[in-house]
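What follows is a set of notes on a single structure, which appears directly below.
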Amino acid sequence: MRTPFSNEPFTDFKDERNNEAYEAALRQVRAELGRGYPLVIGGERIATERTAKSVNPASTAQLIGTVSQADTALAERAIEAAARAFETWRHADPRERARYLYKAAALMRRRKHYFSAWLTLEAGKTREEADADTAEAIDFMEFYGREMERLALPQPLTRIEGEDNELYYIPLGVGVVIPPWNFPLAIMAGMTTAAIVAGNTVVLKPASPTPVIAAKFVQLLEEAGLPDGVVNYLPGPGGEVGDYLVDHPQTRFISFTGSRDVGLRINERAAKTAPGQKWIKRVIAEMGGKDSIVVDAECDLELAADAIVASAFGFSGQKCSACSRAIVHEDVYDDVLAKVVERTRKLVTADPAVAGTNVGPVIDDKAFAKIREYIEIGKGEGRLALGGGTGDPNGYFIEPTIFEGVDSRARIAQEEIFGPVVAFIKARSFEEALEMANDTEYGLTGAVISNDRAHLELARRHFFAGNLYFNRKCTGALVGTHPFGGFNMSGTDSKAGGRDYLLLFTQAKLVSEKW
């Protein structure tokens with residue numbers, strides 16, 4: 001019998017032996033830098049003349065790898081390969097499909113630092129952030145394997161005399177998986193393996209800034225024995241290849257994690273019926289947030305400051321769950337602001353490959369320019385309490401930045417910045433703080449720091465967010481513990497890592513036989 005699911009432990013980097021092991025993994029990965037990565041379609045490796053370079057955001061002169069780029073003709077081949085593979089994969093026993101995930105998880109667990117080191121060099125993650133990303137990827141595979149086994153069991157139905165009734169969860173078909181660059185292993189692996197363990201086949205279009213990590217994961221699935229064509233690796237321009245895949249009549253579903261604008265565009269295109277299409281395409285989308293930590297007058301001020309700093313500046317604020325608004329009761333506003341500034345001053349912004357770094361670079365030149373533009377906007381919308389500058393010019397470094405005295409309707413309090421910028425907003429009452437927190441088109445995560453039980457219960461009822469946390473940070477959802485997904489423009493509330501998630505990749509079939 002399968003052991004119950006439990007989360008993969010995080011590595012303790014206070015133990016110097018773990019740091020030494022990580023350094024060894026970094027050396028191993030550095031020795032592999034600069035290689036070429038072909039497409040993988042139906043098990044065939046295809047190198048193309050058109051390529052894209054992946055670089056280290058902490059040191060842009062360092063080439064991570066050169067990745068072949070698909071065009072629409074190759075996208076067509078990938079869809080066809082996935083469709084052929086689906087005809088056999090759909091009939092594989094769910095427990096067999098789950099075993100591929102368990103094997104892949106075991107392989108990744110043995111090479112945990114190796115995968116994390118790729119995250120450090122290609123995505124700019126500190127070793128703690130990279131380790132958490134890899135652990136989450138393992139968790140997704142272990143969790144979704146067990147979930148598929150659960151869904152394959154006889155489902156409870158009301159029994160009636162003279163009939164045999166059974167409900168099955170069957171796969172949808174060919175899916176397009178478009179993952180984000182900010183969790184380029186965990187979310188990419190979770191989206192992909194959820195789809196295939198449910199019996200679907202996939203065309204995986206990796207995020208443009210982090211395609212090498214996705215290529216390494218596809219290699220891992222091959223090593224685990226996954227049949228050819230079940231996952232097809234297809235990097236390429238979103239406006240060309242992505243649109244073609246979304247529009248294709250054989251595409252049954254699109255699983256997307258990324259920005260609001262791209263998610264809405266995918267949803268709109270998927271809603272149009274292409275000639276020859278026999279179904280309504282399903283869109284599973286997670287599209288970002290503008291998340292708040294509400295700090296009540298009666299609370300642990302140290303906890304509040306710790307939660308804001310961790311949530312705002314972890315991975316340079318490049319998380320859809322990041323705290324970008326600190327809404328603080330006026331009675332404790334000055335104290336909380338001072339404590340957050342004090343803690344933020346101590347953060348080390350540097351190369352994430354170096355032990356002790358707290359804040360690494362942002363992902364690329366586009367993000368760097370966008371965040372700096374918002375910082376300039378913020379200077380006109382509030383007082384710059386800390387940061388606002390840049391770091392090592394060899395990479396895309398931006399200082400952790402705090403604005404205070406910001407109006408809740410200001411642009412930096414309403415628009416997703418996706419960088420190390422937090423706006424402090426003063427509230428006259430807890431009720432007003434909740435109104436401000438809800439005054440956004442998003443609804444992904446939020447947190448409340450309070451010792452007032454009545455206020456916590458009020459927030460439980462009225463704080464409109466898919467993931468709401470009390471007296472802790474608003475980032476760091478754990479698979480199986482905090483099913484993740486949000487409301488409004490934050491997406492379809494997909495609840496990744498929860499018991500509802502695999503249902504999104506299946507359809508229920510009832511078979512009734514009269515005796």
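Computed from the coordinates by the stated procedures, all read-outs in this text should not be read as laboratory data. Predicted, not measured: the structure shown is a model, and the values here were computed from it. As a convention, Cβ positions derive from the backbone with ideal geometry for all residues, glycine included, and neighbour counts pool all protein chains shown.
See the values below:
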| quantity | calculated |
| --- | --- |
| Dipole in debye (nearest 20) - the chain, about Cα centre, beta carbon charges: Lys, Arg +1; Asp, Glu -1 | 1200 debye |
| For region 248-260, Karplus couplings with θ = phi - 60° (6.51, -1.76, 1.60), whole Hz, Gly/Pro x | 5, x, 8, 6, 8, 8, 10, 10, 10, 9, x, 6, 4 |
| In region 291-478, lysine pairs with alpha-carbon atoms under 20 angstrom apart (chain gap of 8 or more, or interchain) | 9 |
| Dimensions (Å) - region 253-324, Cα atoms, principal axes, largest first | 60, 24, 15 |
| Rh (Kirkwood; distinct C-alpha pairs) - region 200-243, Å | 11.0 Å |
| Of all DSSP beta bridges in the chain, antiparallel share, percent nearest 5 | 40 percent |
| Hz values of 3J(HN,Hα) by residue in region 487-497 - Karplus curve (6.51, -1.76, 1.60), Gly and Pro given as x | 9, 6, 6, 7, x, 9, 6, 5, 6, 4, x |
| Alpha-carbon spread of region 120-243, three principal axes, descending order, Å | 63, 35, 25 |
| In region 318-365, the trypsin sites (Lys or Arg not before Pro) that fall in loop regions by DSSP, at most 10 other Cβ within 10 Å | 346 |
| Set of lysines near residue 112 by C-alpha distance (under 16 Å), chain-local residues within fewer than 8 positions excluded | 103, 125, 216 |
| Sequence-distant aspartates and glutamates (8 or more away, or on other chains) whose Cα lies within less than 20 Å of residue 509 | 87, 93, 147, 149, 163, 164, 166, 500 |
| Angle between the chain longest axis and helix 127-151 axis [Cα atoms, degrees, rounded to 10] | 40 degrees |
| Of the chymotrypsin sites (Phe, Trp or Tyr not before Pro) in region 183-288, those whose Cβ has at most 14 other Cβ within 10 Å and which sit in DSSP loop | 279 |
| Taking 191, 141, 436, 108 and counting other C-beta atoms within 10 Å, the order from fewest to most | 436, 108, 191, 141 |
| For region 77-146 and region 1-18, distance of Cα centres in Å | 17 Å |
| Cα convex hull of region 291-478 - mean projected area over all directions, nm² | 9.8 nm² |
| C-alpha center-to-center spacing [region 150-206, region 38-59] in angstrom | 28 Å |
| Gyration tensor over alpha-carbon atoms, the chain, equivalent ellipsoid semi-axes in Å | 37, 28, 22 |
| Whole-Å semi-axes of region 287-329's equivalent ellipsoid (Cα gyration tensor) | 20, 12, 6 |
| Helix 333-345 vs. the chain, principal-axis angle (Cα, 0 to 90°, nearest 10) | 70 degrees |
| Inter-label distance, nm, simple model (7 Å from Cα along the C-beta direction), residue 222/residue 347 | 3.9 nm |
| Filtered chymotrypsin sites (Phe, Trp or Tyr not before Pro), region 1-100: DSSP coil and at most 13 other beta carbons within 10 Å | 10 |
| DSSP loop GluC sites (Glu not before Pro) with at most 16 other Cβ within 10 Å excluded, longest remaining stretch of the chain | 162-297 |
| Cα centroid separation, region 399-417 to region 314-346 (Å) | 11 Å |
| Residue-wise HN-Hα coupling along region 310-320, computed from phi with Karplus coefficients 6.51, -1.76, 1.60 (Hz; x: Gly, Pro) | 5, 6, 7, 10, x, 6, 6, x, 8, 10, 5 |
